[in-house]
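First up is the structure itself, then whatever we jot down about it.
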Amino acid sequence: MVRGTHLDAVIVGAGFAGLYQLLCLRDRLGLKAQVLEAGGDLGGTWYWNRYPGARCDSESHAYRYFFSRELAEEWESTERYPGPAEIRAYLDHVARKFDLRRDIRFNNRVVSAQFDEAAKHWRIETESGERCTATWLVTAVGCLSSANVPTIPGLDAFKGRWYHTGQWPHEGVDFRGKRVGQIGTGSTGIQAAPVIAETAAHLTIFQRTANYSVPARNAPLAPEFQRWTREHFEQIREIAQSTVNGHAFRIEERNVADVTPAERQAIYEAAWEKGGLQFRATFKDLLTDRAANATAAEFLKARIRATVKDPATAEALADIDHPYSAKRPPIDTDYFETFNRPNVTLVNLRKDPIERITLQGICTRTQEHPLDIIVFATGFDALTGPLLRMDIRGRGARSLREDWKAGPETYLGLQVPGYPNFFTITGPGSPSVLTNMPVAIEQHVEWITDCIAHARRNGVQTVEPLADAAREWGERVQEAARATLLYDAKHSWYFGANVPGKPQVFMPYAGGMHRYRKICEGIAAQGYQGFVMARA
Ligand code: N01
């Protein structure tokens, strides 16, 4: 970045969102735009998350851009679910095809952005002290990019090595002959444990909240399926863009009570065999009706008990305290089977909590567990974390950290009152993490691009939402969550409950991607209702 440069737009982050936003602003609107990226290369989430077993749980034919048929025809996924290397290769292909790299500055972490009211532009500064200004500031920083390492006394003095899965060393970690402790059994921990256990001398898994998981059933893609996805590009896109969660499958129209118990069992068994997130699409009331949900929960708990041989371990794993899918449901490859290995132990932190980390291991209330390596699969300061780690200041130098002290307040998850010309791709208050992310990202990027085009066509200098519009949207976000069982799992990261001191507010919009898309389109069609478009 050249000191003192003025740009039409600065985009923060070079993952799926940043790349497409650059393409739209630079090539479709003709803006002078630049991406600033903290990492050393493309990928966003997939640049950092290289932990053992890492794999996307959206299927390859849907975890991609849909804006270009040509792009879809050129790219061949190799497995049912793409791994980080394949996703990075895909993004590299996209960047080459559209010549995006020339406008991306890697190793440039944005640390602050301040709106200059007189000049009506943003002053942006990176960690190395470089500065530029931009009329439009778009954050494409991801929802799960701010690693959450819990504060456990003693970690600093630990004599072994420790890693967070979201900041995994690019050269990998050699677990051979090592005693490994893994804290966390969310989507990441459930993916990592079976792979770590393959080479570690011993793996101790520290579980605070037991979790459901459905087999992913990953496999190489058959050439016939690859051909089918190319031939049915429009059909796949139509499904992904019109469903609740942006995946390329529809949620069944039936309720649990519409079928007999025997039929229900057969439906669950077929979904279990098929594997993946489609398990939650078996009935449409799984996320809204407690009794319906309990049937899926019981099915999955029974599978855990049937798989895990040691009864006490099985019981600790099946002792799940929330409805199925109320926390983000993981999918796995041999997670529960891993507990049958002689070199794997489960520690139930609900009964035996961690007290401290010692020089040589983790000390729970009843015993010390000697370890050479600790793996923190402890998740992220989700949604707000990546935004608030930058010092973002709007009108009158008001600070986003201050303004969001009681929780994020946005209009549509796209803009914040008092922060003109500032857009957040998949920000809090949008469907974001409740969807197949690239589909949500494309919708946001295209909406933002249209909004900026509209502003430029009409001589508008600043775009920002009305405070009332944001307040009302915030109420709708809470209402949408309350209508689902997501609201029952108060200890989920959707509420920010995993980060001590974080305000407990349900953050994503749970009303469905299909509904959200229509709301955004309607607002734009009505002249950007709820937004102030100021000409001077
Ligand atoms: O993080 P999590 P994650 N002491 O927050 C535990 C996406 N993802 O990285 O549940 C002990 O879900 C915590 O316990 P509890 C996906 O959206 C996608 O696994 O808070 N334990 C939990 O078990 C996912 O949901 C893919 O009681 C502590 C775990 O750590 C999101 O990323 C793959 C603790 C954290 O689970 C985050 O998943 C992987 C403490 N102090 C992830 N603090 C795809 O395939 C936390 N824990 C796309």
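Remarks
- The residues of the stretch 10-41 that are more than 17 Å from residue 101 (Cβ to Cβ) and either small (Gly, Ala, Ser) or touching a strand residue (DSSP E or B) at 6+ places or on another chain (Cβ under 7 Å) (or both), listed by number, are 30, 31.
- Criterion violated by residue 256 - all others in (1) under 25 Å from the mean Cα position of the chain (by Cα); (2) surrounded by 18 or more Cβ atoms within 10 Å (Cβ to Cβ); (3) among the β-branched types (Val, Ile, Thr); (4) over 26 Å from residue 345 (Cα atoms) satisfied: (1)
- Of the helices (runs of 4 or more DSSP H) lying entirely inside the stretch 220-309, those containing at least 2 residues that are hydroxyl-bearing (Ser, Thr, Tyr) are 290-307.
- Residue that is open to solvent by 20 Å² or more (accessible area, probe 1.4 Å), touching a helix residue (DSSP H, G or I) at 6+ places or on another chain (Cβ under 9 Å) and aliphatic (A, V, I, L, M), where the choices are 197, 201, 248, 219: 248
- Every pair of residues 6+ apart whose Cβ atoms lie under 6 Å, when the first sits in the stretch 124-151 and is in contact (Cβ under 8 Å) with a residue 40 or more places away in the chain and of a type in the set (Lys, Arg) while the second is outside any strand (DSSP E or B) and surrounded by fewer than 17 Cβ atoms within 10 Å (Cβ to Cβ): 131/3
Rundown of residues vs (1) of a type outside the set (A, V, I, L, M); (2) open to solvent by less than 10 Å² (accessible area, probe 1.4 Å), yes/no style:
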{"site": "11", "(1), (2)": "no, yes"}
{"site": "18", "(1), (2)": "yes, yes"}
{"site": "33", "(1), (2)": "no, yes"}
{"site": "40", "(1), (2)": "yes, no"}
{"site": "48", "(1), (2)": "yes, no"}
{"site": "51", "(1), (2)": "yes, no"}
{"site": "55", "(1), (2)": "yes, no"}
{"site": "58", "(1), (2)": "yes, yes"}
{"site": "62", "(1), (2)": "no, yes"}
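A quick yes/no check of all residues on (1) more than 16 Å from the ligand (Cβ to nearest atom); (2) not in a loop (DSSP other than H, G, I, E, B):
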position: 20; (1), (2): yes, yes
position: 30; (1), (2): yes, no
position: 35; (1), (2): yes, yes
position: 39; (1), (2): yes, no
position: 43; (1), (2): no, no
position: 51; (1), (2): no, no
position: 54; (1), (2): no, no
position: 64; (1), (2): no, no
position: 71; (1), (2): yes, yes
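- Residue count for the stretch 170-192, restricted to those that are over 20 Å from the mean Cα position of the chain (by Cα) and touching a residue at least 60 places away in the same chain (Cβ under 8 Å): 9
- Residue 125 being open to solvent by 20 Å² or more (accessible area, probe 1.4 Å) and part of a strand (DSSP E or B): yes
- Of all the numbered requirements in (1) part of a loop (DSSP other than H, G, I, E, B); (2) surrounded by fewer than 14 Cβ atoms within 10 Å (Cβ to Cβ), residue 102 misses one, and that requirement is (1).
- Residue check for residue 80: within 16 Å of the ligand (Cβ to nearest atom) and open to solvent by less than 50 Å² (accessible area, probe 1.4 Å): yes
One line per residue, one yes/no per condition, for (1) among the aliphatic types (A, V, I, L, M); (2) surrounded by fewer than 20 Cβ atoms within 10 Å (Cβ to Cβ); (3) over 29 Å from the mean Cα position of the chain (by Cα); (4) closer than 21 Å to residue 199 by Cα:
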position: 353; (1), (2), (3), (4): no, yes, no, no
position: 356; (1), (2), (3), (4): no, yes, yes, no
position: 359; (1), (2), (3), (4): yes, yes, yes, no
position: 364; (1), (2), (3), (4): no, yes, yes, no
position: 370; (1), (2), (3), (4): no, yes, yes, yes
position: 375; (1), (2), (3), (4): yes, no, no, yes
position: 378; (1), (2), (3), (4): no, no, no, no
position: 382; (1), (2), (3), (4): yes, no, no, no
position: 388; (1), (2), (3), (4): yes, yes, no, no
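- Matching residues in the stretch 148-202 - criterion: being hydroxyl-bearing (Ser, Thr, Tyr), more than 7 Å from the ligand (Cβ to nearest atom) and either modelled with pLDDT under 95 or over 21 Å from residue 386 (Cβ atoms) (or both): 199
The values are calculated or read from the model by the stated rules, or taken from the named source; none is laboratory data. In this text, all values refer to a predicted model and were calculated from it rather than measured experimentally. FYI the Cβ positions are ideal-geometry reconstructions off the backbone, even for glycines, and counts take in every protein chain you see. Side chains are part of the model used for accessible areas, which takes the heavy atoms of the whole protein and leaves out ligands, DNA and RNA. Shrake-Rupley method; radii C 1.70, N 1.55, O 1.52, S 1.80 Å.
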